[in-house]
Amino acid sequence: MAALRQPRTGGLLVLAAIIAVLPFLLPNAYYFDVVILVGINALVVVGLNLLIGYAGQISLGHAGFFGLGAYASAVLPARFDIPPLAALVLGAIGVGLLAVVIGRPILRLKGHYLAVATLGMGLLIFMLLSNEQDLTGGPDGMAVQRLTILGYKLHGVHTWYWIVGGALLTGTWLALNLIDSPTGRALRALHDSEIAAQVNGVDVVRHKLTVFVISAVFASLAGSLSAHYSGFITPNSAGFLHSIELVTMVVLGGMGSTFGGIVGAAVLTALPQFLTVFHEYEHAALGLIMMVCMIYLRDGLLPSLRQRLHWRRS
Amino acid sequence: MTRSFMGLRSVIAGAALIAATVSWAVEAAADIKIGSVLAVTGRASFLGDPEDKTLRMYVERINAAGGLLGQKIELVVYDSAGDAAKARTFATRLIEEDGIIAMVGGSSTGETMAMIPLFEEAKIPFISLAGGIVIIEPVKPYTFKTPHTDRMACQKIYGDMTARGISKIGLISGSGGFGKSMRKQCLSAAKANGIEVLADETYGPKDNDMTPQLTNIRNTAGVQAVLNPGFGQGPAIVTANFKQLSIDVPLYQSHGVASRKYIELAGDASEGVRLPASALLVAENLPDDDPQKSIVVNYKKAYEAKWNEPVSTFGGHAYDGLFILAEAIKRANSLEPGKIRDEIENTKGFMGTAGLVNMSASDHLGLDLTAFRMLEIAKGEWTLVK
């Protein structure tokens, strides 16, 4: 029974149950589409939450990694005849390596400086994708081939629902395991105080870099899935606004709460769909709801609500 | 306790708000549902905003006049903020949830390309308002578009150059989406039109001095004219630098600068600059026997009276799309998407703000070069080149 209260088992079971039951409740392909987008964003957010929520490092450039993954899946099969599945893996490896190279120098920075450095990195990737017109199709974007696995073309929202659901479940499981490992504890230690962690023998530089690379690979994989799912990408997916959206999902859902991040991704992806009735006031309404949430639910949606429930019970 | 209570109350209020909006959205059902996804906000809002206003205004007018086939039109517009991924989700929503019978929208080429597969699969006609030639080449059964392509602008400019005896030019283009696309089209269309591009310079969207690039062009022997495809403030700066360097050949701009703003920014330097543009810009100056005059003058007056802002060619694309669709529905005398598609393809002799439209199975744009008017700026005003 106690095991069920643990996020690693209980939370994962709840997530699996939601993913299993949801298809029976969704009336048509549009709802599937929204849920798939939630899943893709959630996958990035689970990775990003490791970096922001656990290691306490900010990144305003994660959409860059997302975009690189997406473009790897688009460009490699179209221009170099590499099979899509291999392109997805190559993209993830490439982004991982890039994160190592970039991460080393910029993770030395802290606070605002780190934010600006990651921001710059994201902008550079965005510029690269929009300027290399012969390769990426420029600002107008390019079409992406369908993903084929063992000769079977993946097609339709139902297939994609299970792929994204499976990816999210696996990603969450990996993230939860990491959090409960010595690495996870080291990360939380350096989140609270880098000096104290260092004094206690935690290799701060290596741990920060590890989690940066892991979160980048999560973003790259989600980018690849998103590219194959939608069949068309533009450099906007790597843009600054998308980076901000991702960070907002982490913060709104709950920093340092893996499931909170998923809730944040779900709310911020689905809410604009409900708010379309406000037509031009849609963005104002979204902003207002977010402000209210951050004022009254300061730790993020899920952690604050859970805290309230516990508090009432005791 | 108070704090916790307030928190809880705000959550409940939020939930109630969401529930209210959902029930709102489910209500209202009309007979003819037409969908649209536009970049109403965001960086591409200069496209989406006038398109949105035009569609709403004319749907209102059509309904006031009794609607189509005796039924009212309900227009469903979603704001993609120029994002292709969002546009795709909204397109799914229009098809699956709203059950539209036709679509007029897609402000940019990226959004349009992301939505095309959905409409083709659902077999619902889609009239795009974006410029890119890839939208209709190759022809896709259910996809149409109303704005002329960049390639046609290049051809129009080359035609005017040839008439003035110019065959060797220098190119200086912006590196934004518009400038890039047009540069590509102009380069590939050059040879067939007997034009040789001797210099090919570019500048960034935020550059504020193009003197070095223009100096390179000036120093290139044999350049008889300079062409500057670009959008926004870049072309105005090129025009000013061009004058400062007193380069003594004609300067051509593209339809990307066809707004008052350009003349204001470039000032005196814009004197004598030529560019291809929609008839909408010179609506009142068109000769009275011009078959397009009444259309563009009426649209311009109606738009400016209703919204109190200058008309733009982008809104005109939405006007054309809506009326091509409305006439196709009338001719089809049916609300079946397949039949409407056939009738859109059969559009012949439709006079819109962009020009005369004659579609066919192999041409889902249907405009020819007469759609563009060659303009010259004289004393700070657009004038028609005879």
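Within 10 Å of the Cβ of each residue in B:109-118, the mean number of Cβ atoms contributed by other protein chains is 5. Could you work out which residue, out of B:Glu111, B:Glu121, B:Glu196, moves most in a Gaussian network model of chain B, that is, has the largest mean-square fluctuation with Cα springs under 10 Å? Per the Cα network of chain B with a 10 Å cutoff, B:Glu121 tops the list. Going through the cross-link list A:Lys153/B:Lys145; B:Lys53/B:Lys306; B:Lys180/B:Lys300; B:Lys156/B:Lys206; B:Lys72/B:Lys306; B:Lys53/B:Lys123, which pairs have a Cα-Cα distance over 19 Å in this structure? The pairs that break the limit, which is 19 Å between Cα atoms, are A:Lys153/B:Lys145; B:Lys180/B:Lys300; B:Lys156/B:Lys206; B:Lys72/B:Lys306; B:Lys53/B:Lys123.
The spacing between region B:171-190 and region B:92-138, judged by their C-alpha centroids, is 25 Å.
For region A:9-15, putting each phi into the Karplus relation 6.51 cos²θ - 1.76 cosθ + 1.60 with θ = phi - 60° gives couplings of 9, x, x, 5, 5, 4, 4 Hz, in residue order, rounded to whole numbers and with x for Gly and Pro. Listed values for region B:354-365 are Karplus-derived 3J(HN,Hα) couplings in whole Hz (6.51 cos²θ - 1.76 cosθ + 1.60, θ = phi - 60°), namely 8, x, 7, 10, 10, 8, 7, 4, 9, 9, 9, 10, and x replaces Gly and Pro. Give me the percent of DSSP beta bridges within the protein assembly as shown that run antiparallel, rounded to the nearest 5. The answer is about 35 percent antiparallel. Legend note: in the protein assembly as shown, cysteines whose Cβ sits 4.7 Å or more from every other cysteine Cβ are A:Cys293. Close amide H pairs (under 5 Å, H built 1.01 Å from N) link B:Tyr203 with B:Ser173, B:Gly174, B:Ser175, residues at least 5 positions away or on another chain. Taking amide H as placed 1.01 Å from N in the peptide plane, B:Leu367 has its amide H under 5 Å from the amide H of B:Asn358, each at least 5 places away in sequence or on another chain.
Sorted on the mean count of surrounding Cβ atoms within 10 Å across their residues, most packed first, peptides B:319-326, A:209-216, A:17-24 read B:319-326, A:209-216, A:17-24.
Under a Gaussian network description of chain A, with springs only between Cα atoms under 10 Å, the residue in A:Gly103, A:Gly256, A:Gly156 that fluctuates furthest is A:Gly156. Region B:258-317 and region B:210-253 have their alpha-carbon centroids 24 Å apart. With a ≥ b ≥ c the root eigenvalues of the C-alpha gyration tensor of chain A, is it rounded (a/c under 1.5), prolate (a/b larger than b/c) or oblate? Since a/c stays below 1.5, the shape of chain A is classed as rounded. Shielding of peptide A:304-310 by partners, expressed as the average count of other chain Cβ atoms within 10 Å per residue Cβ, is 2. The phi-based Karplus calculation (6.51 cos²θ - 1.76 cosθ + 1.60; θ = phi - 60°) puts the 3J(HN,Hα) values of region A:233-240 at 9, 10, x, 4, 5, 9, x, 4 Hz, whole numbers, x for Gly and Pro. Charge dipole (Cα centre; +1 on Lys/Arg Cβ, -1 on Asp/Glu Cβ; no other charges) of region A:1-145 amounts to roughly 720 debye.
With 20 Å bins beginning at zero, the pair-distance distribution over Cα atoms of the protein assembly as shown amounts to 17, 46, 31, 7, 0 %. Principal-axis analysis of the Cα atoms of chain B puts helix B:293-307 at an angle of about 60° to the longest axis. Most tightly packed first, judged by the mean number of other beta-carbon atoms within 10 Å of their residues, the peptides A:26-32, A:79-85 read A:26-32, A:79-85. Mean per-residue shielding of peptide A:228-241 is 5, counting Cβ atoms of other chains within 10 Å of each Cβ.
Rounded, prolate or oblate for region A:81-226? Axes are the square roots of the Cα gyration tensor eigenvalues, ordered a ≥ b ≥ c, and the cut-off for rounded is a/c under 1.5. Cα axes put region A:81-226 in the oblate bin.
No value in this document is a laboratory result; all are computed from the given coordinates. It should be emphasised that the depicted structure is a prediction, and the values quoted were computed from it without experimental measurement. Positions of Cβ are backbone-derived with ideal geometry, glycine not excepted, and every protein chain shown enters the neighbour counts.
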